[in-house]
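Here's the structure we're looking at; comments come further down.
The values are calculated or read from the model by the stated rules, or taken from the named source; none is laboratory data. Just so you know, these numbers come straight off a predicted model, no measurement behind them. Cβ placement follows ideal geometry from the backbone for every residue including glycine, while neighbour counts extend to all protein chains displayed. Side chains are part of the model used for accessible areas, which takes the heavy atoms of the whole protein and leaves out ligands, DNA and RNA. Shrake-Rupley method; radii C 1.70, N 1.55, O 1.52, S 1.80 Å.
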Amino acid sequence: MNVELGISTFGETTPLEKTGKAISHDQRIRDLVDEIVLADKLGIDAYAIGEHHRKDFAVSAPEIVLAMATSKTKQIHLSSATTNLPTIDPIRVYEQYATMDAVAPGRIEIMAGRGSFTEAFDLFGYDLNDYDDLFKEKLDMLLAMNKNEILDWPGGKFTPKVDHIGIYPRPEKPLPISLATGGSPASTIRAAEMGLPIVYAIIGGKMEHFAPLIKLYKAVAERTGQDLSKMPIAAHSWGWLSDDKDKAIKEYFYPTKLLVDTISKERPNWTGMTYNQYLEGIADDGVMFVGDSGTVANKIIKMMETLGLTRFYLHLPIASMPHEDIMKAIEIYGNEVVPKVKKHFKDKENKKKLFSFK
């Protein structure tokens, strides 16, 4: 079982606990590039950056930040997390990511999603009532141009007709494209039917609650004749690392509560976070990964085995933390967590082969 371990981020710019002031957007973006470079040096497999159009997140154009990192990195895979397809032109998405692939061949990926926030609909003049239809049509168009150099597209309600026109530049191989979801059965079925890898945002509840969705994904893929060996199943979850477990738990409560409380004011189905709820989230069966390297590594192993994941992204952090602390957390993740998790699965695979041979 070849597992991949990465980091995801939104470039958070919420107020810091110690100062009460937020990091500026330009400083957060500069810091973010440094964090990606460090992750690359440590051998972390992937770095994924989300798209938002809000004051509390610095990154509205993940492809630009990723492009800045391409020439400064050597091996790490660089991905969006997500590209919000309903409010962007899929042709431009393809062209931008194909251009990055020229500098970092084979290391560029697109994680396509509908977006968990809705600010971009008003910003770019789209109707929120078309939320799902926009995504479906633009995803189909993106996949068509990824497959074929010359695009013949009939046009639709939201996309123009393209009559036998080449889309350039072309990477040596088609760009890896996965579908990101917060846990929607409809998105799970869609990804499976289309043969697309899937990425679940697992940020609340218990990890085993996602098992039926993954079972559904596999069942639909098999029923529709898809090759599951080419469809990695991934998750990304909130987390934080320190050399001291209690220190990590103490540090992470403030930013987590800050973000949850902010979102709860915007969404009727969210509530503010209490300390007891926080402790439930970081418990063994919760879905926040907070603590020292041993605690976090063991919990990642548990989630990957429980759900049958082949990829995992630690969202680091979920709200603003000091840059030097983030760099330290990345060092712990790359030097201690990633090797331990990979060794576990390598040993498990070797043992399986040994018994199979006997």
*Once you put a point 7 Å from the Cα of Lys18 and another 7 Å from the Cα of Ala219, both along the Cβ direction, what distance in nm separates them?*
5.1
*For Phe10, which sequence-distant residues (separation of 5 or more, or a different chain) have an amide H within less than 5 Å of its own amide H, given hydrogens modelled in the peptide plane?*
Gly50
*What relative contact order, as a whole-number percentage, does region 38-162 give when Cα pairs under 8 Å and 6 or more residues apart are counted?*
22
*Taking amide hydrogens as modeled 1.01 Å from N in the peptide plane, which residues meet the under 5 Å criterion relative to Leu16, leaving out close sequence neighbours?*
Lys21, Ala22, Ile23
*If you build a Gaussian network model of the chain, linking Cα atoms that sit under 10 Å apart, which residue out of Ala46, Ala186, Ala58 swings the most?*
Ala186
*Would you grab the residues whose amide H sits under 5 Å from the one on Ile203? Only those 5+ places off in sequence or on another chain, please, with H modelled 1.01 Å from N.*
none
_Rounded, prolate or oblate for region 228-309? Axes are the square roots of the Cα gyration tensor eigenvalues, ordered a ≥ b ≥ c, and the cut-off for rounded is a/c under 1.5._
oblate
*For region 235-243, take each phi angle, set θ = phi - 60°, evaluate the Karplus expression 6.51 cos²θ - 1.76 cosθ + 1.60, and give the result in whole Hz per residue in order, putting x for glycine and proline.*
9, 10, 9, 5, x, 7, 10, 8, 5
*How many angstrom separate the Cα center of region 274-324 from the Cα center of region 117-165?*
35
*asked:* Please report the net charge: other residues with Cβ closer than 12 Å to the Cβ of Arg28, K and R +1, D and E -1.
replied: -4
_Check: the chain dipole with +1 on Lys, Arg Cβ and -1 on Asp, Glu Cβ, in debye_ = 1080
*Taking 0.36 nm per intervening residue step and subtracting the Cα-Cα distance, what contour gain separates Thr310 from Arg92 on full extension?*
75.5 nm
*Ordered by packing density, taken as the mean number of other Cβ atoms within 10 Å over each peptide's residues, highest first, how do 4-11, 238-245, 120-127 rank?*
4-11, 238-245, 120-127
*Only Cα pairs under 8 Å and at least 6 apart count here; give the relative contact order of the chain as a rounded whole percent.*
19
*Where the accessible area of region 4-356 is counted over protein heavy atoms with a 1.4 Å probe, how much of it, in %, is carbon and sulfur?*
53
*Quote the FRET efficiency, to the nearest 0.05, computed for Lys343 versus Asp34 with a Förster distance R0 of 25 Å and r equal to the Cβ-Cβ distance.*
0.35
*Note down the nm distance, to one decimal, between modelled labels 7 Å out along Cα→Cβ at Lys230 and at Phe355.*
3.1
*For Lys265, list the lysines whose Cα falls under 25 Å from its own Cα; do not include residues on the same chain fewer than 8 positions away.*
Lys18, Lys21, Lys55, Lys206, Lys250, Lys257
*Which helices of the chain meet both criteria: a Cα extent of 15 Å or more along the helical axis and a mean Kyte-Doolittle score no lower than -0.5, with helices taken as whole DSSP H segments?*
90-103, 131-147, 211-223, 245-264, 293-307
*asked:* Taking Cα extents along the principal axes in Å straight from the coordinates, which label in [x] 62, 60, 41; [y] 67, 47, 33; [z] 64, 41, 40 is the correct one?
replied: [x]
_Accessible area in square angstrom per residue, region 4-356, 1.4 angstrom probe_ = 45
*So what is the calculated 222 nm ellipticity per residue for the chain, using -39500 (n - 2.57) for each DSSP H run with n of 4 or more, over all residues, to the nearest 500 deg cm²/dmol?*
-14000 deg cm²/dmol
